[in-house]
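Written below as structure tokens is the structure these notes are about.
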Amino acid sequence: MPPIDRRQGLWILAGSAIAATVVAARAMARTVPAAAEARTLALVEKGAGGVAFYAVPTGTQLGRVALGTQPHEIALDLTGRFAFVGHYGVESWKAPGAGGSQVWIIDLVGRELAGTIDLSPLGRLHAVRTDSKGRLYVLSEQDSILARFDNPVADRTPSRLIPVGGARSHYLVIRRDGTRAYIADTLSGGVIAVDPDDMAVAPLRRHIGAAPEAMTLSRDEQTLYVIDRPSGTIHALDSTTLAERTRRAMRGEAVRVVTQSDGKLIVSNTADKSLSLLDPITLAEEARLPLGVGAPGLNLIGDTLYASLENDHVAIVDIRTWKVTGRFATGSAPDAAVLFQESQGSG
């Protein structure tokens, strides 16, 4: 081996120092992820009439956007920069009046109202959803009409209006590609499936019970799960034909159901004040998590469930361990939420 002169030795030492610094920086990034992965929960607070922003998991409130009487559900756009909130406009479905007719567009990064879509005379806008193409779907409970916006951040009129033909069209689920929409029509006791693109395809209808509300699709979108809220009975339906595959009674009144990434279901038991973990095939209960209070809102994001509670708190549940890992106080009547990165869409 040839001898190393002084200049070569200095370069070797400098290279070693740089390598050590890179290794140390990578190690530090692994041990201090909070700053690099700061996340914010945008939470609809129905009673407070707005959307509030909370750092998670600490629950520190970062800001708030005032909207109006009884905003309800919220959906993200494809970029993660904007969210859409429906204006229900009345305290309950039994309250008189036409309700709200607006869809609010929220700039999540700026934490401000970016725009408003006026859907009048359609009223009581409850469910909002987006599909994999970025299209927005808004369900008018009062008029049983589904409005679709193909470019929702820019559009101020619907690209399509789809008559559902129900009595009180309350809850909505959309296939990822937007080829099928499922509506829980609570006053008729039925579930309605429509094709948002083709009115020539006759809607499918199936009677479920007294007042079906909560719905979710299986991971492969071949099964539609529907809960009849008063009885707490969950039904598994073929998503193409609406034929029933199986059903199971839960723990009394149940209000929400969501699908985990592994296909299992989480049900919010209103009467029992708990969560149930269900097998997606048999609907058998595999685990139960007492909450001590009802959870009218289930927001499942990755391996974390943000359960909106009736006592104006959010419970953070790690679904891998099936444990509550934290809680924080909110405004009045928290419900639906979306999670986003503070840096998303900026710059």
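The values are calculated or read from the model by the stated rules, or taken from the named source; none is laboratory data. Computed from a prediction, not measured in an experiment: that's the story for all the values here. Here Cβ is always computed from backbone atoms with ideal geometry, including for glycine, and neighbour counts include all displayed protein chains. Side chains are part of the model used for accessible areas, which takes the heavy atoms of the whole protein and leaves out ligands, DNA and RNA. Shrake-Rupley method; radii C 1.70, N 1.55, O 1.52, S 1.80 Å.
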Q) For D228, what is the net charge nearby, where nearby means another residue's Cβ is under 14 Å from its Cβ and Lys, Arg count +1, Asp, Glu -1? A) +2
Q) Cα axis of helix 6-31 to longest principal axis of the chain: angle in degrees, 0 to 90, nearest 10? A) 20
Q: Please give the calculated 222 nm ellipticity per residue for the chain, where each DSSP H segment of at least 4 residues contributes -39500 (n - 2.57) and the sum is spread over every residue; nearest 500 deg cm²/dmol?
A: -2500 deg cm²/dmol
Q | Potential lengthening between R176 and D195 on full extension [0.36 nm per residue; Cα-Cα distance subtracted] | A | 5.5 nm
Q. For the chain, modelled as a Gaussian network with Cα springs under 10 Å, which listed residue fluctuates most, L78, L305, L122?
A. L78
Q) What distance in nm separates the simple spin-label points at T240 and A55, each placed 7 Å from Cα in the Cβ direction? A) 5.1
Q.
Ignoring ligands, DNA and RNA, please state the percent of accessible area on segment 54-111 from carbon and sulfur, probe 1.4 Å.
A. 55
Q) Under a Cβ-Cβ cut-off of 11 Å, what is the net charge of the residues other than S188 that fall near it, where Lys and Arg count +1 and Asp and Glu count -1? A) +2
**Q.** Accessible area (Å², per residue) of the chain, counting only protein heavy atoms and a probe of 1.4 Å
**A.** 44
(Q) I need the fraction of alpha carbon pairs in segment 259-311 separated by more than 17 Å, rounded to a whole percent. (A) 33
(Q) Relative contact order of the chain, please, whole-number percent, based on alpha carbon pairs below 8 angstrom and at least 6 residues apart. (A) 12
Q) Fully extended, how many nm does the chain gain between V293 and I281 (0.36 nm per residue separation, minus their Cα-Cα distance)? A) 1.5 nm
Q: Could I have the simple spin-label model distance between N311 and T116, label points 7 Å from Cα toward Cβ, reported in nm to one decimal?
A: 3.6
Q) Expressed in nm to one decimal, what extension gain is obtained for the pair A210 and D150 from 0.36 nm per residue of sequence separation less their Cα-Cα distance? A) 18.2 nm
Q.
Cβ neighbours within 10 Å, averaged per peptide: list 199-207, 142-150, 81-89 in order, most packed at the top.
A. 81-89, 142-150, 199-207
Q: For the chain, compute the number of Lys pairs whose alpha carbons are separated by less than 29 Å, excluding pairs fewer than 8 positions apart on the same chain.
A: 10
